Amino acid sequence: MFVYPTFLWALLAIAIPVIIHLFNFRRYKKVYFTNVKFLKELRHESKSKSRLKEILILVARCLAIASLVIAFCEPVITTKNKAVNLGANAVSIYIDNSFSMDNVQKQGPLLSIARLRAQDIVKAYGNADKFQIITNDFEGKHQRFYSNEDALNIIGEIQISPAVRQLSDVIKRQEEFLKTSTSPNKKIYCISDAQRSTFNLGELTNDTAFNKTLLPITANRVNNLYIDSCWFDSPLQQKGFIQKLHATIVNTGNTPVNAGSAKLFLNKQQLALTSFSIEPDSKKEVQFTFECKQSGFNFASIKIEDYPITFDDELFFAFNSKINIAVTLINGKSNKDNKAFESLFKSDSLFSLTSFNEQAIDYGSFKASDIIILNELVDLSSGLYSETLKFLNQGGAVLIVPSKSNNTISYNQFLTSLQMPLLVALDTFTIKSDKIEMANKFYTGVFEKMEDRLNLPVINAHFKLSKNSRSDFENILLLQNRDALLGFNRFKNGLVYLSSAPFSSEGGNISKHALFVPTIYRMCFNSLKSTRLFYEVNANSVLNLKNEAGNSNDQPPHIKEINNKADIIPEIHTVNNSMLLYTRSQIKTPGFYEVYKNTVPVFPLAFNYSRKESNLICYTPDEINNIIESKSYKNIRVMDNTDDNITKQISNEAQGKKLWKLFILLTLIFILIEILLLRFLK
């Protein structure tokens, strides 16, 4: 293939030596002999040798001219019938600098090898070509072209980053940027370890406008041990109580870990140590038991040791051991003697109780509540109904305790809207509770051992419940006649608990029974919105805070690192009684943070690196080729980067193997042959 095929017209110059041959060698020169005896034999022999010499000289001259002309046409050898690119090139080079590139092979860390490969690509092009250098960070400097010298400097400065990008997002960004260039030749290179979790090659569009070259870099080993997550047994952590913390450790490698250890640190002190063994490509749950000794914000972490990937060897988490459960108690107008709820909540600092009579309810208090107790109300008004619906939609919990003399019509209208069973008829027959329904796990952790014969509450009066078709009511306590005594239903985002019997003395001994306290406590604990122990850096995390009443002078919440290195103002949205804080990927460093409101810390936070990079399993070049073939990609290929001279390989593939030097050499050889023929061939 020729870069400049129009120069082939110059092959007509071959006619020049042909013309010279036809006219110059036909002129005879007279030679005088004194003796003509051997003239006839000499003439015959000289004529044959002369003709051979002339033909050889003619061929040498023609070949010399032809070689010179072909040299000016710049012949090249291309692969796969690709056309030679003329003009300047616009080249986009992606270097994967995620945590997985900290892995190693015999030549060193993968990122170091990726930098060398990227520099080899740049060296394969000329001074007129332009380069975009892009990494997972998607920084502003990645959205411009560089000269080859500047590109080499930028590549040398690339470091490991916590940012994680899908291959499809990277290539889309490269394509969008290259579209702004007027260069006729646009090329994309992607240098990565082809990690399965992010290398979504199969999701690319089959766009033939850009030629894409993939350079997978394979590590020697893909073993990695990391901490994936952690959680508490109980949703409530309190000072002085024994806590059980669970953590999941994952082994993504192909070798077992037989003597691993995990350490728990709380407020900078090591509290617990546990050992574990884990099989290849499996998970292991470990448990820590410790006493929470600090009231308020607690900052903790779990650590393991693993090499060479270390970013996921520590998991930060934070929790608040000083929490108040806001309870709103609404008593019925005829319920004056039952003080069981007031006695229960006022004796425990864990609860913040607000009481109302059904005739004077402040609905504004619902915004700050976790649970609302409708204690033996006679009537359920439309205003209470609408406010309760709002409260449930926002994730609250409601306990409904009917009155013996209630307005059944208003109750059933209320219960129907909540998709709860209806109150059918009042049964005044004294009956004992039969058993605890353990299937729904409401009492999980309350009883150390479940006895066959428990002393359960005695009921003097209860309503029979009739389930409607839309009800998903689950029983918690049953009576001996199989009627439901207590149960619950999930409605919208909240929980609705319904008792079929009053809690006053008219209904039985429920409020005086030992089961009353753990039952009400469990309802209150379940009303707490689950609080995440940790979040991810470089993500748009959403923090949910209670939107308590404030004034116009309130300052917007801030997120501050506990060492005061970072102070971030999140994006704020107020939705009903919740304040949503959006971090918008502003938090870059893992560790501990606090939410400040009016210069007062109100919420502890912990941030960790994403675990997407923790699984080091990567695609092999053969697997990548299979994906390309199965998706019928015409413009994507895999380059073998095991060759040290990758610059020459890329140059040959980008511009073809240039042969003009060879033809210049052939020209000189043919001229030399002509000279030798003229000088020595007689």
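The values are calculated or read from the model by the stated rules, or taken from the named source; none is laboratory data. Keep in mind that this is a model prediction, so the values were computed, not measured. Positions of Cβ are backbone-derived with ideal geometry, glycine not excepted, and every protein chain shown enters the neighbour counts.
Checking Asn608 against (1) at pLDDT below 90; (2) of a type outside the set (D, E, K, R); (3) within 30 Å of Gln105 (Cβ to Cβ), which single condition isn't satisfied?
Answer for Asn608: the failing condition is (1).
Please determine whether any residue of region 573-593 is under 26 Å from the mean Cα position of the chain (by Cα), in a strand (DSSP E or B), over 21 Å from Phe319 (Cα atoms) and not assigned by TED's automatic domain parsing to the domain that holds Ala300.
yes
Do the conditions hold for Phe341, that is, is it touching a residue at least 40 places away in the same chain (Cβ under 8 Å) and either outside the structural domain of Ser234 (by TED's automatic domain parsing) or β-branched (Val, Ile, Thr) (or both)? Give the derivation first.
On the way: touching a residue at least 40 places away in the same chain (Cβ under 8 Å): yes; either outside the structural domain of Ser234 (by TED's automatic domain parsing) or β-branched (Val, Ile, Thr) (or both): yes.
In short, yes.
Would you mind stating whether Phe356 is assigned by TED's automatic domain parsing to the domain that holds Arg522, of a type in the set (Phe, Trp, Tyr), in a strand (DSSP E or B) and without any contact (Cβ under 8 Å) to a residue 60 or more places away in the chain?
Working: assigned by TED's automatic domain parsing to the domain that holds Arg522: yes; of a type in the set (Phe, Trp, Tyr): yes; in a strand (DSSP E or B): yes; without any contact (Cβ under 8 Å) to a residue 60 or more places away in the chain: yes.
It is true that Phe356 is assigned by TED's automatic domain parsing to the domain that holds Arg522, of a type in the set (Phe, Trp, Tyr), in a strand (DSSP E or B) and without any contact (Cβ under 8 Å) to a residue 60 or more places away in the chain.
Yes/no per residue for (1) out of contact with any helix residue (DSSP H, G or I) (no Cβ under 7 Å at 6 or more places or on another chain); (2) surrounded by fewer than 18 Cβ atoms within 10 Å (Cβ to Cβ); (3) modelled with pLDDT of 95 or more:
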| residue | (1), (2), (3) |
| --- | --- |
| Gly108 | yes, yes, no |
| Val122 | no, no, no |
| Tyr125 | no, no, no |
| Ile134 | no, no, yes |
| Glu139 | yes, yes, no |
| Pro162 | no, no, no |
| Lys179 | yes, yes, no |
| Pro184 | yes, yes, no |
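Evaluate region 178-194: report whether one residue or more is part of a helix (DSSP H, G or I) and within 18 Å of Asn89 (Cα to Cα).
Filtering region 178-194 down to residues part of a helix (DSSP H, G or I) leaves 178.
Retained after the next criterion (residues that are within 18 Å of Asn89 (Cα to Cα)): 178.
Taking every residue of region 178-194 in turn, at least one turns out to be part of a helix (DSSP H, G or I) and within 18 Å of Asn89 (Cα to Cα).
Here's a check for you: in region 386-430, which residue that is outside any loop (DSSP other than H, G, I, E, B) and among the aromatic types (Phe, Trp, Tyr) is farthest from Glu358 (Cα to Cα)?
Filtering region 386-430 down to residues outside any loop (DSSP other than H, G, I, E, B) leaves 386-393, 397-401, 408-417, 422-427.
Among the residues that remain, those that are also among the aromatic types (Phe, Trp, Tyr) are: 391, 411, 414.
Numbers: Phe391: 17, Tyr411: 14, Phe414: 15 Å.
Among those residues, the one meeting the criterion is Phe391.
When region 597-617 is examined, which residues are found to be farther than 22 Å from Ser301 by Cα, surrounded by fewer than 20 Cβ atoms within 10 Å (Cβ to Cβ) and touching a residue at least 24 places away in the same chain (Cβ under 8 Å)? Walk me through it before giving the result.
From region 597-617, those farther than 22 Å from Ser301 by Cα are 597-600, 616-617; that's our starting set.
From what's left, surrounded by fewer than 20 Cβ atoms within 10 Å (Cβ to Cβ): 597-600, 617.
Lys597, Asn598, Thr599, Ile617, listed by residue number.
Please state which of the following conditions Ser511 fails to meet, knowing it meets all the rest: (1) farther than 30 Å from Lys464 by Cα; (2) in the same structural domain as Val398 (by TED's automatic domain parsing).
(1)
Any chance region 211-231 includes a residue that's surrounded by fewer than 20 Cβ atoms within 10 Å (Cβ to Cβ), more than 30 Å from Tyr189 (Cβ to Cβ) and not charged (D, E, K, R)?
yes
Among (1) surrounded by fewer than 16 Cβ atoms within 10 Å (Cβ to Cβ); (2) of a type outside the set (Gly, Ala, Ser); (3) closer than 30 Å to Ile371 by Cβ; (4) touching a residue at least 12 places away in the same chain (Cβ under 8 Å), there is one condition His573 misses while meeting the rest; what is its number?
(4)
Pick from Ser386, Ser369, Ser382: which is in contact (Cβ under 8 Å) with a residue 24 or more places away in the chain and either not assigned by TED's automatic domain parsing to the domain that holds Leu485 or not basic (Lys, Arg) (or both)? I'd like the intermediate steps shown before the answer.
Working: Ser386 fails: in contact (Cβ under 8 Å) with a residue 24 or more places away in the chain; Ser382 fails: in contact (Cβ under 8 Å) with a residue 24 or more places away in the chain.
Among Ser386, Ser369, Ser382, only Ser369 is in contact (Cβ under 8 Å) with a residue 24 or more places away in the chain and either not assigned by TED's automatic domain parsing to the domain that holds Leu485 or not basic (Lys, Arg) (or both).
Considering only region 370-383, state which residues are among the hydrophobic types (A, V, I, L, M, F, W, C) and either crowded, with 20+ Cβ neighbours inside 10 Å or in a strand (DSSP E or B) (or both). Talk me through it step by step, then tell me what you get.
Kept after step one, since they are among the hydrophobic types (A, V, I, L, M, F, W, C), are these residues of region 370-383: 371-374, 377-378, 380.
Across region 370-383, the qualifying residues are Ile371, Ile372, Ile373, Leu374, Leu377, Leu380.
Do you know which residues across region 491-528 are farther than 13 Å from Tyr443 by Cα and among the hydroxyl-bearing types (Ser, Thr, Tyr)?
Those that are farther than 13 Å from Tyr443 by Cα and among the hydroxyl-bearing types (Ser, Thr, Tyr): Tyr497, Ser499, Ser500, Ser504, Ser505, Ser511, Ser527.
Kindly establish whether Ala71 is more than 60 Å from the chain's Cα centre (by Cα), aliphatic (A, V, I, L, M), at pLDDT 75 or above and assigned to a helix (DSSP H, G or I).
Working: more than 60 Å from the chain's Cα centre (by Cα): no; aliphatic (A, V, I, L, M): yes; at pLDDT 75 or above: yes; assigned to a helix (DSSP H, G or I): yes.
Taking the combined requirement at face value, the residue does not satisfy it.
Would you confirm whether any residue within region 654-677 is of a type in the set (S, T, N, Q), within 30 Å of Phe72 (Cβ to Cβ) and modelled with pLDDT under 85? So that I can check it myself, show each step before the final result.
Here is the first cut: in region 654-677, the ones of a type in the set (S, T, N, Q) are 655, 667.
Then keep just the ones that are within 30 Å of Phe72 (Cβ to Cβ); that gives 655, 667.
After this cut, where a residue has to be modelled with pLDDT under 85 as well, the list is 655.
Yes: one or more hits.
Would you check if there is a residue in region 477-499 being farther than 22 Å from Ala368 by Cβ, among the hydrophobic types (A, V, I, L, M, F, W, C), in a loop (DSSP other than H, G, I, E, B) and out of contact with any Pro (no Cβ under 7 Å at 6 or more places or on another chain)?
Just the residues of region 477-499 that are farther than 22 Å from Ala368 by Cβ, to begin with: 477-490, 498-499.
Next, from what is left, pick out any that are among the hydrophobic types (A, V, I, L, M, F, W, C): 477-479, 484-486, 488, 498.
Now restrict to residues that are in a loop (DSSP other than H, G, I, E, B): none.
No, region 477-499 contains no residue that is farther than 22 Å from Ala368 by Cβ, among the hydrophobic types (A, V, I, L, M, F, W, C), in a loop (DSSP other than H, G, I, E, B) and out of contact with any Pro (no Cβ under 7 Å at 6 or more places or on another chain).
Just need a number here: residues in region 5-23 that are surrounded by 13 or more Cβ atoms within 10 Å (Cβ to Cβ) and among the hydrophobic types (A, V, I, L, M, F, W, C). Break it down into steps so the answer makes sense when it comes.
Taking region 5-23 and keeping what is surrounded by 13 or more Cβ atoms within 10 Å (Cβ to Cβ), we get 7-8, 10-11, 13-14, 17, 20-21.
This time we only want the ones that are among the hydrophobic types (A, V, I, L, M, F, W, C), so: 7-8, 10-11, 13-14, 20.
The total comes to 7.
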